[in-house]
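Take a look at the structure set out below.
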Amino acid sequence: MRAWRFRAFRGGGELLVPLEEFSIMDDLSSVKGRYWKAQVRCVLVLLLIWFVVSFGMGILFRDFFDKVMPKVGNAPFGFWMAQQGSIMSFVALLVVYALWMGRLERKFEKAGKEEA
(Lines give C-alpha, C1' and ligand atoms only; values in the text may rest on other atoms or scores of the structure.)
Protein backbone atom coordinates (compact mmCIF):
# COMPACT_ATOMS: atom_id res chain seq x y z
CA MET A 1 0.00 0.00 0.00
CA ARG A 2 1.29 3.43 -0.92
CA ALA A 3 1.69 6.00 1.86
CA TRP A 4 0.64 9.62 1.31
CA ARG A 5 1.39 12.86 3.13
CA PHE A 6 -0.11 16.35 2.88
CA ARG A 7 2.16 19.09 1.55
CA ALA A 8 0.99 22.65 2.27
CA PHE A 9 1.54 25.55 -0.12
CA ARG A 10 1.91 29.25 0.58
CA GLY A 11 -1.48 30.08 -0.87
CA GLY A 12 -3.09 27.87 1.73
CA GLY A 13 -3.79 24.92 -0.56
CA GLU A 14 -2.76 21.37 0.20
CA LEU A 15 -1.85 18.46 -1.99
CA LEU A 16 -1.47 14.78 -1.30
CA VAL A 17 1.93 13.60 -2.47
CA PRO A 18 3.51 10.15 -2.28
CA LEU A 19 5.61 9.62 0.83
CA GLU A 20 8.62 8.47 -1.21
CA GLU A 21 9.12 12.06 -2.40
CA PHE A 22 10.16 12.89 1.15
CA SER A 23 12.66 10.04 1.36
CA ILE A 24 15.34 11.94 -0.61
CA MET A 25 15.69 14.50 2.16
CA ASP A 26 15.56 11.84 4.87
CA ASP A 27 18.40 9.72 3.43
CA LEU A 28 21.24 11.98 2.25
CA SER A 29 23.66 9.07 2.13
CA SER A 30 21.93 7.49 -0.89
CA VAL A 31 22.83 8.41 -4.46
CA LYS A 32 19.58 10.37 -4.86
CA GLY A 33 20.23 12.21 -1.60
CA ARG A 34 23.80 13.13 -2.54
CA TYR A 35 22.62 14.25 -6.00
CA TRP A 36 19.91 16.41 -4.43
CA LYS A 37 22.42 17.96 -2.01
CA ALA A 38 24.92 18.68 -4.83
CA GLN A 39 22.16 20.16 -6.99
CA VAL A 40 20.99 22.48 -4.21
CA ARG A 41 24.60 23.54 -3.55
CA CYS A 42 25.03 24.34 -7.26
CA VAL A 43 21.90 26.48 -7.36
CA LEU A 44 22.76 28.33 -4.13
CA VAL A 45 26.30 29.15 -5.27
CA LEU A 46 25.07 30.47 -8.62
CA LEU A 47 22.28 32.48 -6.99
CA LEU A 48 24.81 34.05 -4.62
CA ILE A 49 27.05 35.00 -7.54
CA TRP A 50 24.05 36.40 -9.42
CA PHE A 51 23.04 38.48 -6.38
CA VAL A 52 26.55 39.86 -5.88
CA VAL A 53 26.94 40.78 -9.55
CA SER A 54 23.50 42.25 -10.17
CA PHE A 55 22.60 43.83 -6.83
CA GLY A 56 26.02 44.34 -5.30
CA MET A 57 28.02 45.61 -8.24
CA GLY A 58 25.16 47.41 -9.94
CA ILE A 59 23.50 49.07 -6.94
CA LEU A 60 25.39 48.81 -3.64
CA PHE A 61 28.94 49.35 -4.89
CA ARG A 62 28.18 51.39 -8.00
CA ASP A 63 29.80 54.60 -6.74
CA PHE A 64 32.89 52.70 -5.59
CA PHE A 65 33.31 51.02 -8.97
CA ASP A 66 32.74 54.33 -10.76
CA LYS A 67 35.75 55.76 -8.92
CA VAL A 68 38.07 52.74 -8.91
CA MET A 69 37.44 50.90 -12.20
CA PRO A 70 38.09 52.29 -15.69
CA LYS A 71 35.24 53.42 -17.91
CA VAL A 72 33.65 51.01 -20.37
CA GLY A 73 33.18 53.02 -23.51
CA ASN A 74 31.82 56.37 -22.35
CA ALA A 75 29.96 54.93 -19.35
CA PRO A 76 31.29 54.56 -15.79
CA PHE A 77 31.91 50.92 -14.80
CA GLY A 78 29.20 50.84 -12.08
CA PHE A 79 26.56 52.09 -14.49
CA TRP A 80 27.73 49.64 -17.16
CA MET A 81 27.52 46.70 -14.73
CA ALA A 82 24.00 47.72 -13.72
CA GLN A 83 22.85 47.96 -17.34
CA GLN A 84 24.87 45.47 -19.39
CA GLY A 85 27.28 43.52 -17.21
CA SER A 86 24.62 41.96 -15.01
CA ILE A 87 22.77 40.65 -18.08
CA MET A 88 25.97 39.23 -19.56
CA SER A 89 26.91 37.62 -16.26
CA PHE A 90 23.42 36.10 -16.00
CA VAL A 91 23.83 34.49 -19.43
CA ALA A 92 27.29 33.24 -18.38
CA LEU A 93 25.74 31.77 -15.21
CA LEU A 94 23.20 29.90 -17.35
CA VAL A 95 26.05 28.33 -19.31
CA VAL A 96 27.92 27.48 -16.09
CA TYR A 97 24.74 25.95 -14.65
CA ALA A 98 24.22 23.75 -17.73
CA LEU A 99 27.84 22.55 -17.66
CA TRP A 100 27.85 22.01 -13.88
CA MET A 101 24.58 20.07 -13.90
CA GLY A 102 25.72 17.98 -16.86
CA ARG A 103 28.85 17.03 -14.93
CA LEU A 104 26.78 16.23 -11.82
CA GLU A 105 24.36 14.09 -13.79
CA ARG A 106 27.18 12.09 -15.40
CA LYS A 107 28.87 11.65 -12.01
CA PHE A 108 25.74 10.45 -10.23
CA GLU A 109 24.61 8.33 -13.17
CA LYS A 110 27.86 6.37 -12.80
CA ALA A 111 27.37 6.18 -9.02
CA GLY A 112 23.79 4.97 -9.48
CA LYS A 113 24.89 2.22 -11.84
CA GLU A 114 27.60 1.12 -9.42
CA GLU A 115 25.17 1.08 -6.48
CA ALA A 116 22.51 -0.92 -8.37
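The values are calculated or read from the model by the stated rules, or taken from the named source; none is laboratory data. Keep in mind that this is a model prediction, so the values were computed, not measured. Backbone-built Cβ (ideal geometry, glycine too); neighbour counts: all protein chains shown.
How about region 50-78: which of its residues are part of a helix (DSSP H, G or I) and touching a helix residue (DSSP H, G or I) at 6+ places or on another chain (Cβ under 7 Å)? Trp50, Val53, Ser54, Met57, Gly58, Ile59, Arg62, Asp63, Phe65, Asp66, Phe77, Gly78, listed by residue number.
Among the numbered conditions (1) free of Cβ contacts under 8 Å to residues at least 40 places away in the same chain; (2) over 15 Å from Val43 (Cβ atoms), the only one that Ala111 does not meet is (1). For Trp80, the requirement of being aromatic (Phe, Trp, Tyr) and touching a strand residue (DSSP E or B) at 6+ places or on another chain (Cβ under 8 Å) is met. Is it fair to say Gly33 is surrounded by 15 or more Cβ atoms within 10 Å (Cβ to Cβ), touching an Asp or Glu at 6+ places or on another chain (Cβ under 6 Å) and either part of a helix (DSSP H, G or I) or modelled with pLDDT under 85 (or both)? So Gly33 fits the description; yes.
Of the set (1) surrounded by 14 or more Cβ atoms within 10 Å (Cβ to Cβ); (2) modelled with pLDDT under 80; (3) of a type outside the set (Phe, Trp, Tyr), all apply to Leu104 but (2).
Please verify whether Trp50 is among the aromatic types (Phe, Trp, Tyr), in contact with a Gly (Cβ under 9 Å, 6 or more places away or on another chain) and either surrounded by 12 or more Cβ atoms within 10 Å (Cβ to Cβ) or at pLDDT 85 or above (or both), treating the condition exactly as stated. So Trp50 does not fit the description; no.
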